Amino acid sequence: MANPTLPSDDELIPRLLANDETSYAQIVAAYHGLMVHLARAIVGEAIADEVAQEAWVAVLRALPKFERRSSLKTWILRIVSNTAKSRLRHESRTVSLDESLEENPIIDPARLKPNAHWASPPAMWHADTPDALLASTELRRCISDALATLPPLQRAAVTLRDMQGLSMEAICKILEVSESNGRVLLHRARSRIQMAIEEHEGQ
Amino acid sequence: MPSCKDITEHSSDYLDRNLPWWKRMGYWLHLAMCVHCRRYVDQLKLTIDTIGKSPDATTPNVSPEEIQAIVEKMKRSTKNKDG
């Protein structure tokens with residue numbers, strides 16, 4: 001998880017607290033893209049950069065009180081997540097950041113028999129590697145559209161785990177969810193993308 | 001042994017190795033016998049790998065000019081706080 005281009009948290013934090021401009025530039029270069037990626041998952045493309053910039057100011061303001069219960073990177077991303085979530089709530093652009101599992105079962109119940117085994121099992125896909133699937137422009141668009149329609153916290157979970165490779169422990173701290181909720185968010189997001197690919201493959 | 005529905009609900013935990021060993025055994029036994037669930041789990045694995053390689057997975061680029069502009073903003077914010 002450590003960024004090889006950055007000094008350790010132990011070295012970096014005192015320098016940031018001393019308002020060292022070089023350290024500001026180092027940390028922005030290391031994390032701003034990732035912060036925009038996370039903000040984009042929660043609030044969308046249009047204001048993601050603005051949210052990430054707002055988060056930097058919040059990071060500097062809160063840094064003297066940073067208790068080191070996580071890495072600096074995880075703590076910064078949590079500030080981004082909270083800034084983005086409060087922005088969403090403020091703009092009332094969404095009723096809820098997530099949906100309950102009961103409302104959206106992983107598999108359409110019509111595809112299962114009463115004994116909970118397959119009635120309509122998954123069909124074979126025409127491709128069996130990511131590169132072969134992504135060779136189709138239509139399928140790339142289909143995946144992108146499916147990602148765009150995910151609830152914000154599901155999109156954030158899949159962005160941090162499957163795109164950025166963060167650990168579940170870090171993701172749960174960043175999104176402020178329990179470990180079991182974090183896993184449910186991630187699995188629902190992946191399943192929705194899987195269903196989108198399946199629908200495309202079935203056409 | 002888990003049902004096909006159980007398999008679909010916990011397949012991320014299986015792939016991410018988050019299941020306790022006894023559940024993992026039941027899962028493994030079910031997959032050994034059920035071609036549909038094997039396909040379902042293989043396709044979930046392929047989905048995860050595809051998400052990671054999709055254009056949406058690319059971390060946004062940050063130019064040196066953008067970095068400098070953010071640093072200036074950070075400096076201003078600390079001056080305001082100190083002042």
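If you plug the beta carbon distance of B:Leu29 and A:Glu199 into 1/(1 + (r/R0)^6) with R0 = 35 Å, you get a FRET efficiency near 0.70. Please compute one quarter of the surface area of the Cα convex hull for segment B:6-63 and express it in square nanometres. With the hull built on Cα positions only, its mean projection is 5.0 nm². The mean count of C-beta atoms from other chains within 10 Å of the C-beta of residues in B:55-68, rounded to a whole number, is 6.
Work out the count of Lys pairs in chain A where the Cα-Cα distance is under 21 Å, with the pair 8 or more places apart or on different chains. Could the numbers behind the result be given before it?
On the way: A:Lys65/A:Lys73; A:Lys65/A:Lys173; A:Lys73/A:Lys85; A:Lys73/A:Lys173; A:Lys85/A:Lys173.
Number of lysine pairs found: 5.
For the pair A:Arg111 and B:Asn61, label points projected 7 Å from Cα toward Cβ lie 3.8 nm apart.
Suppose we flag GluC sites (Glu not before Pro) only when DSSP calls them loop and at most 10 other Cβ atoms lie within 10 Å. Which is the longest uninterrupted stretch of chain A? Present the calculation step by step, with values, prior to reporting the outcome.
Details: sites that count: A:Glu67, A:Glu102, A:Glu103.
Value returned for the longest uninterrupted segment is A:104-203.
What FRET efficiency do you get for B:Gln68 and A:Glu50 if R0 is 30 Å and r is their Cβ-Cβ distance, rounded to the nearest 0.05? It comes to 0.95. List the DSSP H helices in chain A whose Cα atoms stretch 27 Å or more along the helix axis and whose mean Kyte-Doolittle hydropathy is at least 0.0. Helix filter hits for chain A: A:21-43. Exposure check, 1.4 Å probe, all protein chains in place: B:Cys4 carries approximately 0 Å² of accessible surface. I'd like the distance between the alpha-carbon centres of segment A:7-44 and segment B:19-52, rounded to an integer number of Å. Here the two parts' Cα centres lie 38 Å apart.
Using only protein heavy atoms and a 1.4 Å probe, how much accessible area in total is buried between A and B, to the nearest 100 Å²? Don't jump to the answer; show the numbers that get you there.
Numbers: alone 11800 and 7060 Å², together 14400 Å².
The A and B chains share an interface burying roughly 4500 Å².
Quick one: length gained pulling A:Ser71 to A:Thr5 fully straight, 0.36 nm per residue minus the C-alpha distance?
Details: separation 66, 0.36 × 66 = 23.76 nm, distance 1.55 nm.
Stretched out fully, the A:Ser71 to A:Thr5 stretch lengthens by 22.2 nm.
Computed with a 1.4 Å probe on the full set of protein chains, the accessible area for A:Met195 sits at about 40 Å².
Counting lysine pairs in segment B:4-82 whose alpha carbons fall under 28 angstrom apart, excluding pairs fewer than 8 residues apart on the same chain, gives 5.
The mean number of partner chain beta-carbon atoms within 10 angstrom of a residue's beta-carbon across peptide A:122-132 is 4.
The values are calculated or read from the model by the stated rules, or taken from the named source; none is laboratory data. All figures in this text were calculated on a predicted structure; none of them were measured in a lab. We place every Cβ from the backbone using ideal geometry, glycine too, and count neighbours over all the protein chains shown. When the accessible area is computed, the model is the full protein with side chains, heavy atoms only, and any ligands, DNA or RNA have been set aside. Shrake-Rupley method; radii C 1.70, N 1.55, O 1.52, S 1.80 Å.
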